[in-house]
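Working notes, beginning with the structure itself.
Coordinate-derived values only; no laboratory data. The structure displayed is predicted, hence computed values, not measured ones. Don't worry about glycine lacking a Cβ; one is built from the backbone with ideal geometry, like all the others, and counts go over all protein chains shown.
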Amino acid sequence: MPRTRTRTHTRTRTRTAVGSALAAALLLGGCGAEVDADPKSAGPSEKTTVKRCGEPVTYKTPQRAVVYEGGSADKMFSLGLTEHVQGYVMPPANPPVSESPWASEYAKVKMLSDDLLNKELVVEAKSDFVVAGWNSGFSDQRGITPQILDKLGIQSFMHTESCFNYPKYPQKVTPFKALYSDLDRLGRIFHVEKKADEVVGDLKKRVTAVESKAPKGGAPVPVFLYDSGTDQPFTAGSQVPPNDIIKSAGGKNIFDGLDERWTQVNWEAVAKAEPEVVIIFDYGDMPAKKKIDFLKKSPHTKELPAVKKNNFFVLDYNEGISGPRNIDGLEKFGKYVRELKR
């Protein structure tokens, strides 16, 4: 997917971590940020200890959050935390924010950039909290990591789903449980635990409703998620939301045996699995129709059962990355599987 491949390598710049408080102060001054906080920065200073991946971190209630991509913003907005969001960074592969269920909340905060997340942007925004995923926002190569931000006095939060391959404090949780965990942790950081409980409870009920209607008896329908790639396909392993979407709907991800997030495989493995459904992961870099056209013409895929039967399901980008819209995607795919003729 574009978070870990295409965009991560687009217009990247090497940045040097600041290693001392003095250097941090110089950086803040150099970016035009003022030492005195503006009125929005003033607020509750209650502290709570919450895990950032597997690392216990003590947080002071943030007032100027910067969120990267739709999943991060949606989590904050779903918890009623719009007033704590300074702005969002939304690379162009993401669908327009006007299509979001929280479009009205996006309109209340600033769009800070349509490029990759970077340290300078966060400092210039006078942010006190950054929400992103590991290798999908935070990056050693681009010089913006939780450790670097810690040295600048800027708090950070990583999506639990992305903690699977976080090098320092890894944490492995199934994708839907990771979503619930994030909402719970954010609820504690911002002291809106009751709201977080309500949101998580509603999401769990919706998942249970889909699972209760999933086809029973017989082998689950084999499903291949196609993200991108012509020489070799890029797809979903077991550690990303589409794996849980497929499973809860009554299907089986043909690559759920891969203990990976988004990963590259080969066409021979796809053909051998004989998928009966192809999920097209839809984002701005390449429209779903072009991906479907490729699969219909490619000698690697044109004879697949799913392709011959025209069994394509389009999954929106923000329904496939960690966020509340995962459950929207599940409900749509669950209906598709129930109506599928095998």
Of M111, S298, P101, which is farthest along the charge dipole of the chain in the positive direction, counting Lys and Arg as +1 and Asp and Glu as -1 at C-beta?
S298
Of K252/K332; K204/K247; K204/K332; K205/K335; K297/K332; K172/K332, which pairs sit farther than 19 Å apart, going by alpha carbon to alpha carbon?
K297/K332; K172/K332
For T61, distant residues with modelled amide H under 5 Å away:
E46
I want the antiparallel fraction of DSSP beta bridges within the chain, as a percent rounded to 5.
30
Per the charge dipole of the chain (beta-carbon charges, Lys/Arg positive, Asp/Glu negative, Cα centre), the residue among V199, L258, Y68 reaching farthest to the positive end is L258
Over all directions, the average projected area of the alpha-carbon convex hull for the range 131-200 comes to how many nm²?
4.9
For n ≥ 4 DSSP H runs only, could you compute -39500 (n - 2.57) per run for the chain, divide by its residues and tell me the 222 nm figure to the nearest 500?
-10000 deg cm²/dmol
With the chain treated as a Gaussian network of Cα nodes joined by springs under 10 Å, which of D227, D140, D244 yields the largest mean-square fluctuation?
D140
To make sure I understand, if each residue's beta carbon is the centre and we count other beta carbons within 10 Å, what order do M111, M90 fall in, fewest to most?
M111, M90
Exposure proxy check on K291, K75, K60: fewest-to-most Cβ neighbours within 10 Å is K60, K291, K75
Scan the chain and note any complete DSSP helix (H) whose C-alpha atoms cover at least 18 Å along its axis and whose Kyte-Doolittle average is -0.5 or more.
175-189
The chain, dipole about Cα centre (Lys/Arg Cβ +1, Asp/Glu Cβ -1), debye to the nearest 20:
700
Pull up the DSSP beta bridges for the range 215-339 and report the antiparallel fraction as a percent, rounded to 5.
30
Dmax and Rg, reported as Rg then Dmax, of the chain (C-alpha, Å):
20.6, 66
GNM top mover of K168, K252, K296 - the chain, alpha-carbon springs below 10 Å
K168
Yeah, the range 215-339 with a ≥ b ≥ c from its alpha-carbon gyration tensor (a/c under 1.5 is rounded, else prolate when a/b outruns b/c, oblate otherwise) is rounded
Tell me, H159, H300, H191 in order of fewest to most beta-carbon neighbours within 10 Å?
H191, H300, H159
If each K or R counts +1 and each D or E counts -1, the residues other than E331 whose Cβ falls under 15 Å of its Cβ total +2
Connecting every pair of Cα atoms under 10 Å apart in the chain and solving the GNM, the largest mean-square fluctuation among S98, S156, S248 falls on S98
By the gyration tensor of its Cα atoms, with a ≥ b ≥ c the square roots of the eigenvalues, what is the shape of the range 37-181: rounded for a/c under 1.5, prolate for a/b over b/c, or oblate?
rounded
